[in-house]
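Student: Dropping the structure in here first, questions after.
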Amino acid sequence: MNERITNDAYVRKFSFRPFTGIRKGRLYRLWSISWQWWAHEWDRSRAVKILFGFQIFTLVITNLFLLVMKDFMLLGDPTLTTTKMLENTLIELVRGLVSFQTSISGEGGNGGDEMDFGFTIGGMSFFILILCVLIGSGLISDDMSNKTNEIYYSKLEKHEYILGKFGAFFLFGNIIITLPYVLEFFLLFIGLGGIDFIQVLPILVHVIVFTELISLTYASIILAFSSMSSRRLYAGLAVFMLIFLLSMIIPFLANTGGGEVGFQLLFDVLTMLLLSSYILNGETLIEIDLLGREHLLDLADGVGIESWAVLGIIGLYIILGLLLVIFQVYRRHSN
Amino acid sequence: MGQQMEINDIITTRNLSKYYGQIKGIDDVSIKIPAIGGIGFLGPNGAGKTTLIRTLLGIIRPTRGEAYVLNYNVKTEINHVRDRIGYIPEYNTTFIPDMTAMKFVAFCGRMNGLSTIESKQRASDSLYYVGLGEERYRKLGTFSLGMKQKVKLAVALVHDPEIIIADEPTNGLDPNGRNQMLELIRNLQTDQHKHVILSSHLLRDVEQTTNYAFVFSNGHILAQGRIKDLTSAKVSTISLRIKGDESKFLDEMRNKGFEIWQERGYIEVKKTNDTEKAIFKAAVNSKVEIRYLGSRSSSLEDVFVSLFKNKEEAIQ
């Protein structure tokens, strides 16, 4: 802007405030775009708010149930401690985020995606998947259909655009998935009482790492599909059908009628994420129920599916999704 | 920072080429764009104007060659370039339909590094400047095409760039909207002291808003210079209708050295000195009656069409 005239004169003449000339760094811009994209997706969809409300409601109900029943449960089982109650509740709650079809239980035999006292929370995975699809499927496809990506590319590096989109989804993951469970941890920690914080810190770490892994995996898959279609509906449906159908079909294919589970199970994203929670907990001997048939899955016996394969395949999903987004943005969107 | 560029040039390219596989976008484009306010990029669709603009903005990478914008190397200092260019893309952007104009423009400001407060202030000011002050809190999905074009201009202005590049900014606008847009572009040069590059296939748009033009065709620069100079070679003719022996009249004129031909029922005589006098003399000598006489200046379109035709024939 013209520096020869004063600010007042400037505004009077052009109805414009002169630019201070101060530009923020790249990190600020990245944060700003991630926040804007996430906030907009949140703003635009009433369904997202309703589903999030349902999730919070479920957590509150779980909390209330546990706090009301605490004394009865402690009296009924002398070996049970408040620390154990916190662990069982919270770990199973976060596992419920991805245990859609397959029923799994670890060495402790805690009932898999069901809590000790028979309170099923596995259905939450369905709502979380819908939430993720509603938020993420339009993140890139909308830019293509609205033709706003040309404006973004004239202001940002393409890698900043991609990071911004992942950042937006990651913010969503942290606010919608991780944060409620971290709050749940502290509510239970305070509500149950008599718990040594250091002793339960690994549970908090488990909750954070596991929910972040879910966010990252979903982000990669959903954004990859979003970058391939200019219609958010198609992208969302494709992701939903892929994850939903795979979690229905794969257990059927992997069911070997006893003994080791088939390698087909590696293609079931949700089960792989669920298994990663057990691996994070240091459990390697896992009872897995495929279509009503019990299988014993040893992730450390050198036969069949191993821990490294589970984590590797999740990593592969993340990397493949990311590569697909990069390819689409750098090649297809730039011609 | 690039040191080789002359101070008065806002953009310099050297042998800049972009190929999409086998398809040529631009080929060996070497230009120096002087800092004289308004610049026109003129040429038919597919001539390479948009490819050059997108290359300068780093949206696509050049196949070879180099480019400097305000002394910044487009390959190595693209973020400095982007902060100093405001871009109005050609595409009919629908923006984010359920976002307000204010939010979107401020968001674009933050992408260029403006703080939250300043981006809001400048978004508001930019929208007022383009005439959308009252509508700034309306959702973009409710905007007409003309209003959307103005939002694009506000987006280009929000971060106070030195250069504004408008790619076909009047596309799809009605005459009123078109005039408003061209008026805004003119004002940017006079009021805001911006360098405006207007890319268009419409000669009148370029002529109304700029006085220096680069003419593109088939990925090459056909001509460049002040529009007045580019069009100075324009041809004017005198059109006639006569009654009598036409061939005798034509021979008479040709014998006097005039270029004369028949076109759409008229006799056309290329205008030189004393053409009218020679026509009357020839009419008397060949005993024909002049029923109609009028001069016909070639329009700018005619001049550029002939320029494209000649240069393309030369290239081939």
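The values are calculated or read from the model by the stated rules, or taken from the named source; none is laboratory data. Since the structure is predicted, the reported quantities are computational estimates derived from the model, not experimental observations. With ideal geometry, Cβ positions are generated from the backbone for all residues, glycine too; neighbour counts draw on all protein chains shown.
Student: Would a scan of segment A:99-108 turn up a residue that is hydrophobic (A, V, I, L, M, F, W, C) and at pLDDT 65 or above?
Tutor: no
Student: When the residues of segment A:79-100 are narrowed to those that are touching an Asp or Glu at 6+ places or on another chain (Cβ under 7 Å) and not in a helix (DSSP H, G or I), which ends up surrounded by the fewest Cβ atoms within 10 Å (Cβ to Cβ)?
Tutor: It comes out as A:Gly96.
Student: Still on this structure: Condition test on B:Tyr91, is it of a type outside the set (A, V, I, L, M), surrounded by 24 or more Cβ atoms within 10 Å (Cβ to Cβ) and either more than 12 Å from every other protein chain (Cβ to nearest Cβ) or under 16 Å from B:Ala154 (Cα atoms) (or both)? Spell out the reasoning first.
Tutor: On the way: of a type outside the set (A, V, I, L, M): yes; surrounded by 24 or more Cβ atoms within 10 Å (Cβ to Cβ): no; either more than 12 Å from every other protein chain (Cβ to nearest Cβ) or under 16 Å from B:Ala154 (Cα atoms) (or both): yes.
Against the criterion (of a type outside the set (A, V, I, L, M), surrounded by 24 or more Cβ atoms within 10 Å (Cβ to Cβ) and either more than 12 Å from every other protein chain (Cβ to nearest Cβ) or under 16 Å from B:Ala154 (Cα atoms) (or both)), B:Tyr91 does not qualify.
Student: Residue under question is A:Ser276, and the condition is that it be surrounded by 15 or more Cβ atoms within 10 Å (Cβ to Cβ) and not in a helix (DSSP H, G or I); does it hold?
Tutor: Criteria not met by A:Ser276.
Student: So, one more: Could you say whether any residue in segment B:106-120 is over 19 Å from A:Ile33 (Cα atoms), aliphatic (A, V, I, L, M), within 12 Å of chain A (Cβ to nearest Cβ) and touching a helix residue (DSSP H, G or I) at 6+ places or on another chain (Cβ under 6 Å)?
Tutor: no
Student: Kindly indicate which of B:Ile53, B:Ile26, B:Ile36, B:Ile60 is of a type in the set (Val, Ile, Thr), part of a strand (DSSP E or B) and closer than 23 Å to B:Glu168 by Cβ.
Tutor: B:Ile26
Student: Turning to a different aspect of this structure: What do you reckon, is A:Leu233 closer than 27 Å to A:Lys147 by Cα and crowded, with 19+ Cβ neighbours inside 10 Å?
Tutor: Details: closer than 27 Å to A:Lys147 by Cα: yes; crowded, with 19+ Cβ neighbours inside 10 Å: no.
The answer is no for A:Leu233.
Student: With the requirement that a residue be modelled with pLDDT under 60, buried (at least 17 other Cβ atoms within 10 Å of the Cβ) and at the interface with another protein chain (Cβ under 7 Å from one of its Cβ atoms), what does segment A:2-33 give you?
Tutor: Listed by number, the list holds a single entry, A:Phe14.
Student: Now for a separate question. Which residue, of B:Arg61, B:Arg82, is within 10 Å of another protein chain (Cβ to nearest Cβ) and crowded, with 23+ Cβ neighbours inside 10 Å? Walk me through it before giving the result.
Tutor: Working: B:Arg61 fails: crowded, with 23+ Cβ neighbours inside 10 Å.
Just a single option satisfies the conditions, and that option is B:Arg82.
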